[in-house]
Amino acid sequence: MSMNTPKRGDIWFVRLHPSESPTMAVVMNTEHEEDEPMYYTVIPHEARPDEFRFDVPIVNRYMRDGVFNVQRLHSVMKSQFVQSLGVLSPSDLDALQDRLYAWLEM
């Protein structure tokens, strides 16, 4: 298991629930201050072709076709991160952030 610190835009295998297999997800939060709790906000990847209003299709070498659905935000602890896979491009991260802001009406 990699012990790297997850950072905004990183793609990881994350164990969202103890009884489930790890799923690919992207880290969305900014870095923590030393005195803050170590919770991370992630958006899981879904391997499905359908694209709904709050889906962001992203294809790169880390994942097969599919989408990130911003409505599936999860808060996880560092211990739930299994393996680092890579980093989203700045434009892909911007697309996720824009769709997340639209969903939250920010």
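Descriptive notes on the structure:
- Positions within segment 19-60 being touching a helix residue (DSSP H, G or I) at 6+ places or on another chain (Cβ under 9 Å) and loosely packed, with under 11 Cβ neighbours inside 10 Å, in sequence order: 52, 53
- In segment 83-101, the qualifying residues are those that are in contact with a helix residue (DSSP H, G or I) (Cβ under 8 Å, 6 or more places away or on another chain) and in a helix (DSSP H, G or I), and the one that is farthest from residue 20 (Cα to Cα) is 99.
- Of all the residues in segment 72-82, those that are surrounded by 14 or more Cβ atoms within 10 Å (Cβ to Cβ) and either outside any loop (DSSP other than H, G, I, E, B) or not hydrophobic (A, V, I, L, M, F, W, C) (or both) number 6.
- 3 or more residues without any contact (Cβ under 8 Å) to a residue 40 or more places away in the chain, under 11 Å from the mean Cα position of the chain (by Cα) and farther than 19 Å from residue 57 by Cβ: qualifying strands (runs of 3 or more DSSP E) within segment 1-47: none
- The set of residues in segment 4-52 being β-branched (Val, Ile, Thr) and farther than 22 Å from residue 99 by Cα consists of 5 alone.
- Members of segment 83-105 that are touching a residue at least 60 places away in the same chain (Cβ under 8 Å), surrounded by fewer than 16 Cβ atoms within 10 Å (Cβ to Cβ) and under 17 Å from residue 12 (Cβ atoms): 83, 86
Quick note: the coordinates plus some simple rules give every number you see, no bench work behind them. Computed from a predicted structure; not experimentally measured. For neighbour counting, all protein chains shown are included, and Cβ atoms are generated from backbone atoms with ideal geometry for every residue, glycine included.
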